[in-house]
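First up is the structure itself, then whatever we jot down about it.
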Amino acid sequence: MKGVAPGRRTVIRILTAAAIAAAVLLPQILQRYQQYHLIHVAGLIAIYVLLALGLNVIIGYTGILNLGYAAFYGIGAYTAALLAIHFKISFWLLLPISGLAAAAAGALIGMTTLRLRGDYIAIVTLGFVEIVRLGLNNLDFLTNGPKGLPGIDQTILVPQLTLAGRSLKLDNDISYYYFILLLVLAAIFVLLRLHNSRVGRSWVAIREDESAAEIMGVNTTAMKIQAFATGTFFAGVAGCVYTHWVGFITPELFTFWESVLLVVMIVLGGMGSTAGVLLGALLIVGIPEVLRDVLQQFSGGGASSMKSFYDNLILARMLIFGVIMMVIVIFRPQGIVPPKRPRVSEKKSGSEPAPDGGV
Amino acid sequence: MLFQQLINGLTLGSIYALIALGYTLVYGILLLINFAHSEIFMMGAYFGVFSLMIFEKLHIFQGAPFMLVACALAASMICTGLLGVIVEFAAYRPLRNAPRLAPLISAIGVSIFLQNFMMIVVSPESKTFPDTIPLHVYKLGGTASISSLQVIIIVVSVALMAALHLFIKYTKMGKAMRATSQDAETAKLMGINVNMVISLTFFIGAALGGAAGVLNGMYYGSVKYNMGFIPGIKAFTAAVLGGIGDVRGAMIGGFVLGILESLGAGYVSSAYKDVFAFVILILVLVFRPQGLLGRKISNKV
Amino acid sequence: MENKLLETENLTIHFGGVRAVENVSFSVGEKEIVALIGPNGAGKTTVFNLLTGVYQPLSGAIRFKGERVENRKPNTITRMGIARTFQNLRLFQNMTVAENVMVGYTCRMRGGMLVAILRTGPFKKLEAAAEEKAHEWLSFVGLSARANELARNLAYGEQRRLEIARAMATGPNLLLLDEPTAGMNPAESESIMELIRGIRDLGAAVLLIEHDMRVVMGISGRIIVLDYGEKIAEGRPEEIQKNERVIEAYLGKKAAKG
Ligand SMILES: Nc1ncnc2c1ncn2[C@@H]1O[C@H](COP(=O)(O)OP(=O)(O)OP(=O)(O)O)[C@@H](O)[C@H]1O
Ligand SMILES: [Mg+2]
């Protein structure tokens with residue numbers, strides 16, 4: 001990766017290594033202490049990280065408020081489930097297929113909203129997620145309606161991956177956790193490369209001032225569609241993984257509120273900041289789940305005050321998120337971990353500039 | 001059947017039109033989609049229920065159903081109006097000069113907050129709206145009929161819209177509102193207190209949304225913490241249909257949408273009635289974002 | 001003008017009832033510095049918006065290097081070789097100074113997302129070239145030391161310079177400057193004039209909107225005067241200074257105002 005001040009680069013490397021090490025060791029530790037539920041939660045957090053990273057391309061990099069991201073997650077999930085159930089297609093094929101299906105839908109929405117102002121795009125995407133939800137609920141013959149698609153895990157083959165002699169069989173929470181972690185790392189790798197290139201610069205320029213970007217030569221049409229497609233691709237992949245892992249999906253998993261939850265993660269963590277998005281997902285998904293577990297164990301079922309404290313907390317969760325959204329945009333609009341811009345080397349140019357002229 | 005659907009559509013449409021006015025008034029002045037408006041509508045319905053409960057406890061207006069409704073409506077409108085002013089003050093005013101995404105996000109925050117507040121503090125279950133008006137059904141020839149509730153909803157809505165029209169057209173504050181929505185900078189130079197006008201706009205918009213909430217509660221007989229979302233989107237659709245920022249357009253858009261929806265539900269399928277509204281919304285936004293009546297506005301560089 | 005780089009013919013656009021630009025014809029030759037002047041609201045910025053594809057003319061034609069410009073998107077026009085700055089600064093505030101300039105160079109870069117992910121050889125070369133370009137143009141406008149600063153942290157005058165560097169990075173044959181010295185003191189204005197001459201010496205033509213008459217008279221070879229959307233005069237600085245209509249429309253108004 002290019003550019004970042006030398007002193008900070010070391011710190012970032014150490015932190016990154018530590019974070020990866022912690023993520024890798026986590027299931028082992030949890031297993032040791034028999035916190036099986038928390039292993040599941042860790043996998044869930046990882047899925048949300050993947051989703052939030054994708055949405056961050058659209059909201060954080062390009063500045064387009066997409067309120068319908070869960071629809072693309074749902075499109076990926078249902079694509080994977082239906083193809084797996086009816087055609088027994090392998091997980092490894094479904095992974096890109098679901099991603100591409102979601103990306104195609106994303107590109108389509110991107111195209112239809114091209115000429116619209118930001119707040120209108122928010123409304124269109126909101127309308128889209130509702131249409132998808134209503135569609136999934138009402139197309140009974142295909143989606144089994146509100147009852148959802150159960151038993152996917154029994155009708156499909158267990159995904160298996162053999163790498164360097166060792167085989168990873170996706171058949172429990174731990175293996176899925178590691179697989180999703182792998183996807184997250186791959187996503188971060190790809191997204192950082194995109195971000196630190198002309199592609200990412202164009203996206204951010206659009207976020208900063210769309211018409212100025214266009215006048216400076218950025219093909220805003222193409223770049224916005226690409227941002228939509230890239231971002232929603234990850235949603236499709238996440239949907240496919242979730243379907244295979246949990247084995248049961250219903251339309252209510254892919255609602256407007258799910259989208260809002262993802263927006264909260266990004267706003268809280270820091271729009272456009274990878275570390276921020278990771279942190280945002282960790283806090284928003286992790287804290288309530290971990291609290292539930294901890295409180296349940298310490299109250300041992302007997303002390304009901306803890307239990308009711310927790311119940312209230314879960315109830316108040318969305319309420320607190322609402323307040324967080326307001327407070328953050330007003331008092332810390334850049335989020336907990338503000339995004340850092342890539343730096344160029346500090347040298348002075350020796351050569352004279354030369355306008356190279358248009359074509 | 002057609003006539004009946006038109007009457008139902010008119011009823012629905014007058015509720016949508018009232019809510020749509022709130023979106024349009026605020027948009028006209030701040031160029032901002034007030035995302036929290038659907039929750040103001042929901043709060044209006046609850047304020048209606050609460051005031052009816054209080055009136056019953058205090059044994060006032062008990063023999064006079066119209067007085068009862070009028071007072072509940074007025075109480076709810078005042079409360080939602082004030083709530084609207086508070087929301088603007090807390091969530092929008094600090095972000096006047098922030099990037100465009102910011103007020104949108106804080107509005108969604110307000111929305112989530114209000115919904116969950118009502119869910120936790122009042123109840124996650126729906127609440128019955130107390131009976132007020134004795135229900136009469138008037139035959140209108142053929143199979144069509146109109147209920148006393150529908151008459152009241154239509155009459156009240158039309159009266160409120162007429163009042164708004166007169167207010168904007170003929171009062172000093174109304175003229176200040178129009179001037180500010182034309183050009184806030186010039187209005188300021190002309191000595192108009194723009195902050196004051198913005199607060200007033202939020203008050204009026206929210207009060208109309210609150211009235212719609214009460215009427216909606218009466219019509220369907222119940223209220224719930226998440227009742228605002230769908231009518232909110234539909235009213236927004238209505239506002240866009242009429243050209244957002246255009247007061248007359250919002251009224252017309254509301255009625256058009258209400259009638260289209262009733263016809264769709266009657267002749268096609270009621271399972272998809274919400275889908276119609278969303279599809280109309282997307283089609284209009286994509287192909288005619290200036291609305292069916294509006295003029296095209298160019299962006300300045 | 002033996003070799004016309006830019007030519008407009010009866011350019012017209014109206015906004016509602018306002019005839020912002022009405023039948024304006026003019027041309028700019030290679031390596032020429034031309035000033036576009038006129039009172040506030042005369043339609044100068046609107047001419048720039050027409051030239052860069054922000055607005056489409058109601059009627060009339062624009063030819064650049066012999067090609068029609070109307071009905072093209074702004075980014076295509078930039079690729080053709082017209083770049084501009086803005087009257088009220090339009091920088092990418094939360095990007096670094098160097099990145100702002102590199103965005104300008106984007107339209108000269110090839111390769112999409114796939115090469116950006118794979119970091120192929122040609123891709124790396126182009127990215128390095130973009131960085132090099134940024135260094136060159138930043139040193140040209142004197143902002144080398146601030147390359148890694150966020151654009152919004154620059155002083156006002158520096159932001160104006162950065163806009164010029166960003167525009168030049170698009171590789172234009174014609175640079176449109178919208179009031180580049182607005183809000184500057186005489187010394188700063190002087191250095192911007194130096195910059196404009198430097199750009200001309202590098203081979204680009206400059207069309208310049210400017211209110212500061214010292215700047216206009218100092219560097220432009222030819223002056224075009226707009227009033228109420230119409231061209232009322234054109235000529236060398238000495239001619240314009242003496243032109244009755246210009247004095248009446250422009251200087252007269254200004255005198256009346258001051
Ligand atoms: N998008 C628009 N919509 C409506 N009117 C416009 C638009 N753009 C420009 N105008 C009008 O066109 C006229 C010319 O404006 P323009 O900005 O081109 O003037 P200018 O010569 O650049 O003035 P200044 O010296 O103040 O920058 C003005 O009356 C302005 O109000
Ligand atoms: Mg101008």
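Here, each number is a calculation from the coordinates, and none is a lab measurement. Keep in mind it's a predicted model, so treat the numbers as computed, not measured. Heads up, the Cβs are rebuilt from the backbone with ideal geometry, glycines too, and the neighbour counts pull from every protein chain shown.
Worth pointing out:
- Once backbone amide H atoms are built at 1.01 Å from N, C:Glu149 has C:Val97, C:Ala98 as its partners under 5 Å, excluding neighbours fewer than 5 places away on the same chain.
- Neighbour count of at most 16 Cβ within 10 Å plus DSSP loop: longest trypsin sites (Lys or Arg not before Pro)-free window in chain B: B:101-294
- Net charge over other residues, Cβ less than 13 angstrom from the Cβ of B:Gly232 (K, R count +1; D, E count -1): -2
- Residues whose amide H lies under 5 Å from that of C:Glu70, counting only those 5 or more places away or on a different chain, are C:Ile62; hydrogens are built 1.01 Å from N in the peptide plane.
- Distance violations [Cα-Cα > 27 Å] among B:Lys139/B:Lys169; B:Lys188/B:Lys234; B:Lys172/B:Lys224; A:Lys224/A:Lys340; A:Lys340/C:Lys73: B:Lys139/B:Lys169; B:Lys188/B:Lys234; B:Lys172/B:Lys224; A:Lys340/C:Lys73
- The alpha carbon centroids of the range C:175-246 and the range B:92-106 are separated by 39 Å.
- Each of B:Pro134, B:His165, B:Gln62 was scored by the projection of its Cα onto the charge dipole of the range B:48-167, and the greatest displacement toward the positive side belongs to B:His165; charges sit on the C-beta of Lys, Arg, Asp and Glu.
- Between 0 and 90°, nearest 10: helix B:37-57 axis offset from chain B longest Cα axis: 50 degrees
- Since only A:Gly217, A:Ala105, A:Leu82 are under comparison, the one whose Cα sits farthest along the positive direction of the charge dipole of the range A:23-272, derived from C-beta charges on Lys, Arg, Asp and Glu, is A:Gly217.
- Angle in degrees between helix B:247-267 and the longest Cα principal axis of chain B, rounded to the nearest 10: 40 degrees
- Separation between Cα centres of the range A:8-42 and the range A:220-236, rounded to whole Å: 30 Å
- Over the C-alpha atoms of chain A, the Rg to Rh ratio, Rh being the Kirkwood estimate, stands at 0.99.
- Shape of the range A:1-60, Cα gyration tensor, a/c cut at 1.5: oblate
- Among C:Phe48, B:Phe276, a tally of other beta-carbon atoms within 10 Å of each Cβ gives an order, fewest to most, of B:Phe276, C:Phe48.
- Counted by neighbouring Cβ atoms within 10 Å, the residues C:Leu177, A:Leu185, A:Leu108, B:Leu208 run from fewest to most as A:Leu185, A:Leu108, C:Leu177, B:Leu208.
- Listed values for the range A:15-31 are Karplus-derived 3J(HN,Hα) couplings in whole Hz (6.51 cos²θ - 1.76 cosθ + 1.60, θ = phi - 60°), namely 4, 4, 4, 5, 5, 5, 4, 4, 5, 6, 7, 3, x, 4, 5, 5, 5, and x replaces Gly and Pro.
- FRET efficiency, 1/(1 + (r/R0)^6) with R0 30 Å, evaluated for C:Glu67 and B:Arg100 via beta carbons: 0.25
- Legend: Rg and Dmax of chain C, from Cα coordinates, 18.9, 64 Å.
- Cross-link reach list, aspartates and glutamates versus C:Lys231, counting only Cα pairs under 17 Å and skipping chain neighbours closer than eight places: C:Glu7, C:Glu9, C:Glu22, C:Glu210, C:Glu239, C:Glu244, C:Glu248
- The calculated Kirkwood hydrodynamic radius for chain B is 19.6 Å, given to one decimal from all distinct C-alpha pairs.
- With neighbour counts taken as other beta-carbon atoms within 10 Å, the residues A:Tyr120, B:Tyr16 rank, fewest first, as A:Tyr120, B:Tyr16.
- What the phi angles of the range C:140-150 give under the Karplus curve with 6.51, -1.76 and 1.60, with θ = phi - 60°, is a coupling list of 4, 9, x, 10, 3, 5, 10, 3, 9, 7, 6 Hz, glycine and proline written as x.
- Annotation: extensible slack from B:Leu31 through B:His59 equals 5.6 nm (criterion: 0.36 nm per residue apart, minus Cα-Cα distance).
- Computed Rg/Rh of the protein assembly as shown, alpha carbon atoms with Kirkwood Rh: 1.01
- Packing, as the average of other Cβ atoms within 10 Å across residues, places the peptides C:101-111, A:333-343 in the order C:101-111, A:333-343, highest first.
- Principal-axis tilt of helix A:198-208 within chain A, Cα atoms, nearest 10 degrees: 90 degrees
- Separation of the range B:141-167 and the range A:121-193, taken as the distance between their Cα centroids, equals 49 angstrom.
- Per-residue average of Cβ from other chains inside 10 Å of C:88-95: 5
- Close amide H pairs (under 5 Å, H built 1.01 Å from N) link C:Ala233 with C:Val225, residues at least 5 positions away or on another chain.
- In terms of its Cα atoms, the range B:1-117 spans 53, 44, 25 Å along the principal axes, sorted from long to short.
- Inter-chain neighbour count for C:202-214: the average number of beta-carbon atoms from partner chains within 10 Å of each residue's beta-carbon is 1.
- Karplus-derived HN-Hα couplings along the range A:139-151 (A = 6.51, B = -1.76, C = 1.60, θ = phi - 60°), whole Hz, x at Gly and Pro: 7, 3, 4, 9, 9, 6, x, x, 6, x, 10, x, x
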